[in-house]
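Reviewing the structure listed below.
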Amino acid sequence: ESALSGVTVPGVPFLILGHNDSIAWGFTTPHADTQDIFIEQVDPNNPAHYLTPDGSQPFETSEERFLNGDREIIETFRSTRHGPVLSDIWSNAKRSDGQTVLTLSAASFNAGDNTAESFLRLNRAGSVDEALAALEDFSSPPQNVTLADRHGNIALLLAGRIPERRTGNGFMPANGATGSEDWIGWVDRDRLPFLYNPESGMVVQANERLLFRDPTL
């Protein structure tokens, strides 16, 4: 096993950034927009349902138990096809007439998040190419990643899942009933920022927005 040195956080069993015997890597934030607020219309004929492009659908519910000292608290939370209902727990977002609720879509809520496995493979990578392969499974939160190996290879990329929206850019809350601004998947990785052994001989990153290979993004 390669020796590891760098930075981690309590409770995380992987090195977050640093180096092993073969490669070094660093992270900065791309400030990628991976969360959207949706305004859901409550079905006026059935408050246990909400409106979708396919008609009225029931809220999903889950029961959670919390300990407050010696007292157990039981809370029921609702969610929709977009995500959990924020206005159930955030009083400033509630409407007294009950006609709408606010939900949160977030990349980290979606199934298929293999970030933990990606970190394990990154920690064990023996080259920039192996690190790039490991980061294909990196999901959330998106990161700008700088890479270098002992063979002189360097790279800079945006790793993570970025939502592809049917329309709009997620800047304002979307109408959940119409589906017009729904997420329709993830931006293809071959459209995301990427540099590999550039002619300049260096890669630099300091929390700024990277240029996408697809100029429409």
Helix-only [θ]222 nm of the chain, DSSP H runs n ≥ 4, -39500 (n - 2.57) each, per residue, nearest 500: -2500 deg cm²/dmol
Helix axis angle, 115-124 relative to the chain longest principal axis, alpha carbon, degrees: 10 degrees
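Accessible area, 1.4 Å probe, largest first: how do Trp90, Trp183 sort?
Trp90, Trp183
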Top of Ile89, Ile154, Ile73 by mean-square fluctuation, Gaussian network on the chain, Cα under 10 Å: Ile73
DSSP bridge pairs, the chain: antiparallel proportion in percent, nearest 5: 95 percent
Radius of gyration and maximum dimension Dmax of segment 75-176, Cα, Å: 19.0, 64
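How many Å² of accessible area per residue for segment 123-217, probe 1.4 Å?
On a per-residue basis, 54 Å².
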Residue order for Arg81, Arg124 - accessible surface, 1.4 angstrom probe, largest first: Arg124, Arg81
Rh (Kirkwood; distinct C-alpha pairs) - the chain, Å: 19.9 Å
For segment 1-79, alpha-carbon Rg over 2.2 N^0.38 Å: 1.95
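The values are calculated or read from the model by the stated rules, or taken from the named source; none is laboratory data. The shown structure was predicted, so the numbers you read here are calculated from the model rather than taken from an experiment. Heads up: the accessible areas ignore ligands, DNA and RNA and are worked out on the full protein's heavy atoms, side chains in. Shrake-Rupley method; radii C 1.70, N 1.55, O 1.52, S 1.80 Å.
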